[in-house]
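Below is one structure; the comments refer to it alone.
The values are calculated or read from the model by the stated rules, or taken from the named source; none is laboratory data. The structure presented is a predicted model; accordingly, all values stated were derived computationally and were not measured. FYI the Cβ positions are ideal-geometry reconstructions off the backbone, even for glycines, and counts take in every protein chain you see. Surface accessibility is based on the protein's heavy atoms, side chains included, excluding ligands, DNA and RNA. Shrake-Rupley method; radii C 1.70, N 1.55, O 1.52, S 1.80 Å.
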Amino acid sequence: MPDFTLRQLELFAALPDHTTLSAAAASLRISESALSQAITALEKLVGEQLCVRRKARGLQLTPAGVFFAQRARLLLQQADGLVHDLAGRTGELKGPVRLGCFGSFASNVLPAILQGLPEAYPGISIEVTIGTHDDLLPALDAGLLDFAIVYDMLLPGGYSQRTIYATELEAVLPPGHPLAAQESVDLAQLAAEPLIMYDTSPSTANTYQVFAERGLRPKVLTNMPQLVLVQALVGRGLGYALLMSRPNSPAVSLEGLPVAVRPISPPASRTSVVGIWPQEMRLSPRAQAVLGFAVEVLHGEAQRSQTAAAAALE
């Protein structure tokens, strides 16, 4: 068995977050020489160079070092989970859960989770990371997150998942738009209309895909990286948007201007919001509890939002 300590793994696992050895040492509250010695000791154990340390160029991990840091983070996460899991078997679940959440629906789902969780599990604390698939998937793979809440679309293999709520693509239109008078909208009717594209991964690729499946191509007016900007431009009447349905989503822009939300007919891009984590990892009892709570709360919120939307069209 390799003769290294958890402290050595902790030190090396922190290196990808810093550009210089001195910055890493300051963050870890250790001397630069001690950190350098810890790295050298690990390199001797594995028999390979893990990082390049040059004063002029800072700190750079080798490919082996990147792999080692990712694995070290997973081992540390599992070690932390071992302690808290044992505590959880004898009583209250305690400790942190690192939760990732896709940015476009974070404001619709996180408040319900964060509001109710302290009462359900007072010993669990939540650390939240917001991002796109491009941000969250690498963080999961590196062991920086316990699980992430994302769309189940265009996901690569290698992840376990649990469904939280169903969702589908909807048209968001200015209230005065002729198509807003309809109960539902066909993609063929939208193809020639100016689209305010929500430009983020995987939303952009999904939008082009649903049009391509119908032999159509959208007429993109502009690309916006933030959902609130997309909705604001629709509220101003500059075009329409295609967005996935979300719970707790009032039909107004950030400026308070109304928008008209209509289902797509025939339906397009029916999928789910899911909790995912790497297949080689086992969710800790704490993470399982948080994910289960998210399913319980958000499934109900989504159903109520769908019922309210249907009632508004009657």
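Among 102-108, 46-52, 130-136, what's the highest-first ranking by average C-beta atoms within 10 angstrom per residue?
Working: 102-108: 19.4, 46-52: 14.3, 130-136: 17.6.
Order by mean packing, descending: 102-108, 130-136, 46-52.
Give, in nm to one decimal, the length gained when the segment between residue 226 and residue 135 is fully stretched (0.36 nm per residue of separation minus the Cα-Cα distance).
Going from the current span to full extension adds 31.3 nm.
Under the definition of Cα pairs under 8 Å and six or more residues apart, what whole-number percent is the relative contact order of segment 223-275?
It comes to 31 percent, rounded to a whole number.
Looking at segment 1-67, which trypsin sites (Lys or Arg not before Pro) are DSSP coil and have at most 15 other C-beta atoms within 10 Å of their C-beta?
Values: sites: 7, 29, 44, 53, 54, 55, 57; in loops: 29, 55, 57.
The qualifying sites are 29, 55, 57.
Which residue, 291, 140, 254, has the most motion in a Gaussian network model of the chain that connects Cα atoms within less than 10 Å?
Among 291, 140, 254, the largest GNM mean-square fluctuation belongs to 254.
Whole angstrom only: what separates the Cα centroid of segment 206-283 from the Cα centroid of segment 96-154?
Value for the Cα centre distance between the two parts: 20 Å.
Identify the trypsin sites (Lys or Arg not before Pro) of segment 178-257 meeting these criteria: DSSP loop state and at most 16 other C-beta atoms within 10 Å of the C-beta. Kindly include the intermediate steps, with their values, before the conclusion.
Working: sites: 214, 219, 236; in loops: 214, 236.
Here the sparse-neighbourhood loop sites are 214, 236.
Towards the positive end of the charge dipole of the chain, with charges on Cβ (+1 Lys, Arg; -1 Asp, Glu), say which of 206, 248, 174 has the farthest Cα.
So the residue furthest toward the plus end is 206.
Convert each backbone phi in segment 32-43 into a coupling constant with the Karplus relation 6.51 cos²θ - 1.76 cosθ + 1.60 (shift: θ = phi - 60°), then list the ³J(HN,Hα) values in order as whole Hz, x for Gly and Pro.
Each residue of segment 32-43 in turn: 4, 5, 5, 5, 4, 5, 5, 5, 4, 5, 5, 4 Hz.
Apply 1/(1 + (r/R0)^6) to the Cβ-Cβ distance of residue 201 and residue 92, taking R0 = 51 Å, and write down the FRET efficiency to the nearest 0.05.
0.85
Can you work out the Karplus-derived ³J(HN,Hα) for every residue in segment 15-25? Use 6.51 cos²θ - 1.76 cosθ + 1.60 with θ = phi - 60°, whole Hz, and x for glycine or proline.
Working through the residues one at a time gives 4, x, 8, 9, 9, 9, 5, 5, 5, 5, 4 Hz.
Please work out which option in (i) 1.07; (ii) 0.97; (iii) 1.20 gives Cα Rg over 2.2 N^0.38 Å calculated from these coordinates, and answer with its label.
Checking each listed value against the structure points to (iii).
Report the local net charge at residue 35: Lys and Arg +1, Asp and Glu -1, summed over other residues whose C-beta lies under 12 Å from its C-beta.
Computed value for this residue: +1.
Can you give the helix-only mean residue ellipticity at 222 nm for the chain, where every DSSP H stretch with n ≥ 4 adds -39500 (n - 2.57) and the sum goes over all residues, rounded to the nearest 500 deg cm²/dmol? Present the calculation step by step, with values, prior to reporting the outcome.
On the way: 10 runs with 138 residues, N = 314.
That comes out to -14000 deg cm²/dmol.
Which value, in debye to the nearest 20, gives the size of the charge dipole of segment 55-206 about its Cα centre, when Lys and Arg are +1 and Asp and Glu are -1 at the Cβ?
That gives a dipole near 940 debye.
Extending each Cα 7 Å along its Cβ direction at residue 115 and residue 160, get the distance between those two points in nm, one decimal.
Placing both labels 7 Å along Cα→Cβ, they lie 3.1 nm apart.
Could you give the length gained by full extension between residue 270 and residue 257, i.e. 0.36 nm per residue of separation minus their alpha carbon distance, to one decimal place?
Working: separation 13, 0.36 × 13 = 4.68 nm, distance 2.75 nm.
Contour length minus Cα-Cα distance gives 1.9 nm.
Provide the per residue accessible area, probe 1.4 Å, for segment 86-164, rounded to a whole number of square angstrom.
Value for segment 86-164: 45 Å² per residue.
Would you work out what percent of the accessible area of segment 125-187, with all protein chains in place, is carbon or sulfur (probe 1.4 Å)?
C and S fraction of accessible area: 50 percent.
Working out 0.36 nm times the residue gap between residue 282 and residue 22, then minus their Cα-Cα distance, what length gain in nm do you get to one decimal?
The span from residue 282 to residue 22 would gain 90.1 nm if fully extended.
Going through segment 124-207, which GluC sites (Glu not before Pro) have at most 16 other Cβ atoms within 10 Å and a DSSP loop state?
Listed in order of number, the matching sites are 168, 183.
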